[in-house]
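Asks: Structure provided below as structure tokens; questions to follow.
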Amino acid sequence: MPADFDVTIIGGGVIGLACARALSHNRSVLLVEQHSVFGSETSSRNSEVIHAGLYYPPGSLKESLCIEGRQKLYRFCDDHDVPYKKIGKLVVAPDEENPELIRLEQKALKLGIPLSRLSASEIKEKEPNVQAAAALFSPETGIIDSHTYMLRLAQEAEKSGAILMKQTRFLQGTSTEDGWLLNLDTEDGEYTISTNVVINAAGLHSHDVALRAGVPASALPTLHYCRGHYFSYQHASPFQHLIYPLPEKNLAGLGIHATLDLGGQVRFGPDTEYLTGHELSYGVADHLREKFANAVSSYFPCLESASLQPAYSGIRPKLSGPGQPAEDFLIFETNSEKNSRILHLFGIESPGLTSSLALADKITARLPTAT
């Protein structure tokens, strides 16, 4: 008997939706999402930045997929009416010969990423409120409406025949000779469906999904929950571009930076806070204001800390723990039989949004075309 679906995707964030769109061109696809809204966790709780590809380990998937994905994402936005602005970013340094600034400059040259160095006077021309001795200007960095982007991905997937089910929880997966049997909990009760291939794109829940699909805990990488907070700024934006400090070695993120939304409002973040448990809590404590003010004032000395207001937070599913070097995206396959495969996507954090279309194409290329 043929399977109900060629591919079933677990997780309706930006990666799951991008995979649904890519795979549904010539396959039958089911996507299941446990929440009532797509992308309500990591995909919608970030800076909404389209990254140029500067920061990631040489030769990593993060690096190659970010650069490829950025180009594909801008084209997708143009073709599908997704709001975005190629606003540009300044990476600022307190001294002209900063080794990290030089390293990023050389890396951009090697990778062909457009970048220009700015002196202190040139910084003042672009951003009068920024204090820095030198900066790198990245014209390819942009901002995007991530909610509209995910809506368009879902629409394109459904146009190609994909079935996208919200409020549907994956309970258990059992491998068979012909594929997989998946038990699903829906609003209408529990059902069992058959599928040839499973894509675990569950983000924060990817570890749990793998366990429910029979993967031994000892075979799985450790997943670390890292929360990042954001503060809004209760004045008109003092910036025209994104402002980033230099990344610190072994820092879990890129430092507390200034981002703009498409309405021109500025917000600062994220910081990094590793969680000891796996409880998803998105509160932003008021006492963090001082920490944010100290970090931001290093490049924006006119900041009034009282103007910072708690906004929102997001949680990143990281493969690296506190103080450890950043780990790459991990595509983990635990069953490689032709008609019974499952691919787990672990550690899909930044630049996951920028990389989404390229990562979906990479997943598509790993799977045989449906017969």
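The values are calculated or read from the model by the stated rules, or taken from the named source; none is laboratory data. Only a predicted model underlies this, so the values are computations on that prediction, with no experimental measurement involved. Because the Cβ atoms are built from the backbone with ideal geometry, glycine has one as well, and the counts that use them run over all protein chains shown. Just the protein is used for accessible areas: all its heavy atoms, side chains included, with ligands, DNA and RNA removed. Shrake-Rupley method; radii C 1.70, N 1.55, O 1.52, S 1.80 Å.
Asks: Scan the range 26-42 and give yes if some residue there is open to solvent by 30 Å² or more (accessible area, probe 1.4 Å), part of a helix (DSSP H, G or I) and either closer than 25 Å to Phe268 by Cα or among the aliphatic types (A, V, I, L, M) (or both), otherwise no.
Replies: The answer is yes, given that some residue of the range 26-42 is open to solvent by 30 Å² or more (accessible area, probe 1.4 Å), part of a helix (DSSP H, G or I) and either closer than 25 Å to Phe268 by Cα or among the aliphatic types (A, V, I, L, M) (or both).
Asks: Go through the residues of the range 311-321 one by one and say whether even a single one is open to solvent by 60 Å² or more (accessible area, probe 1.4 Å), over 12 Å from Arg227 (Cα atoms) and not hydroxyl-bearing (Ser, Thr, Tyr).
Replies: Filtering the range 311-321 down to residues open to solvent by 60 Å² or more (accessible area, probe 1.4 Å) leaves none.
Within the range 311-321 (the criterion being open to solvent by 60 Å² or more (accessible area, probe 1.4 Å), over 12 Å from Arg227 (Cα atoms) and not hydroxyl-bearing (Ser, Thr, Tyr)), the answer is no, since none of the residues qualifies.
Asks: While we're on this one: If you take just the strands (runs of 3 or more DSSP E) that sit entirely in the range 159-220, which of them hold at least 1 residues that are open to solvent by less than 60 Å² (accessible area, probe 1.4 Å) and in contact with a Cys (Cβ under 7 Å, 6 or more places away or on another chain)? Before you say what the answer is, go through the steps one by one.
Replies: Working: elements: 163-165, 169-175, 180-186, 189-200.
So the answer is 189-200.
Asks: Only residues in the range 108-129 that are free of Cβ contacts under 8 Å to residues at least 40 places away in the same chain and among the β-branched types (Val, Ile, Thr) count as the first member; pair them with residues that are assigned to a strand (DSSP E or B) and open to solvent by less than 60 Å² (accessible area, probe 1.4 Å), Cβ under 8 angstrom, at least 6 apart or cross-chain, and list the lot.
Replies: Ile123/Leu90; Ile123/Val92; Ile123/Ala134; Ile123/Ala135
Asks: Could you list, in sequence order, all residues of the range 131-153 that are farther than 16 Å from Leu73 by Cβ and open to solvent by less than 50 Å² (accessible area, probe 1.4 Å)?
Replies: As a first pass, look at the range 131-153 and keep what is farther than 16 Å from Leu73 by Cβ: 131-137.
Those that are farther than 16 Å from Leu73 by Cβ and open to solvent by less than 50 Å² (accessible area, probe 1.4 Å): Ala132, Ala133, Ala134, Ala135, Leu136, Phe137.
Asks: For Ala219, are the conditions met, namely being under 30 Å from Ser28 (Cβ atoms) and within 17 Å of the chain's Cα centre (by Cα)? Break it down stepwise before answering.
Replies: Values: under 30 Å from Ser28 (Cβ atoms): yes; within 17 Å of the chain's Cα centre (by Cα): no.
Against the criterion (under 30 Å from Ser28 (Cβ atoms) and within 17 Å of the chain's Cα centre (by Cα)), Ala219 does not qualify.
Asks: Which condition number does Cys226 fail, the rest of (1) free of Cβ contacts under 8 Å to residues at least 60 places away in the same chain; (2) of a type outside the set (Gly, Ala, Ser); (3) closer than 23 Å to His35 by Cβ being met?
Replies: Only one criterion in (1) free of Cβ contacts under 8 Å to residues at least 60 places away in the same chain; (2) of a type outside the set (Gly, Ala, Ser); (3) closer than 23 Å to His35 by Cβ is unmet by Cys226, namely (1).
Asks: Further question on the same structure: Inspect the range 60-81 for any residue being farther than 21 Å from Gly203 by Cβ, part of a loop (DSSP other than H, G, I, E, B) and touching a residue at least 60 places away in the same chain (Cβ under 8 Å) and give the result as yes or no.
Replies: Scanning the range 60-81, I find at least one residue that is farther than 21 Å from Gly203 by Cβ, part of a loop (DSSP other than H, G, I, E, B) and touching a residue at least 60 places away in the same chain (Cβ under 8 Å), so the answer is yes.
Asks: Follow-up. What do you reckon, is Tyr56 touching a helix residue (DSSP H, G or I) at 6+ places or on another chain (Cβ under 9 Å) and open to solvent by less than 20 Å² (accessible area, probe 1.4 Å)?
Replies: Values: touching a helix residue (DSSP H, G or I) at 6+ places or on another chain (Cβ under 9 Å): yes; open to solvent by less than 20 Å² (accessible area, probe 1.4 Å): yes.
Considered against the rule, which asks whether it is touching a helix residue (DSSP H, G or I) at 6+ places or on another chain (Cβ under 9 Å) and open to solvent by less than 20 Å² (accessible area, probe 1.4 Å), Tyr56 comes out as yes.
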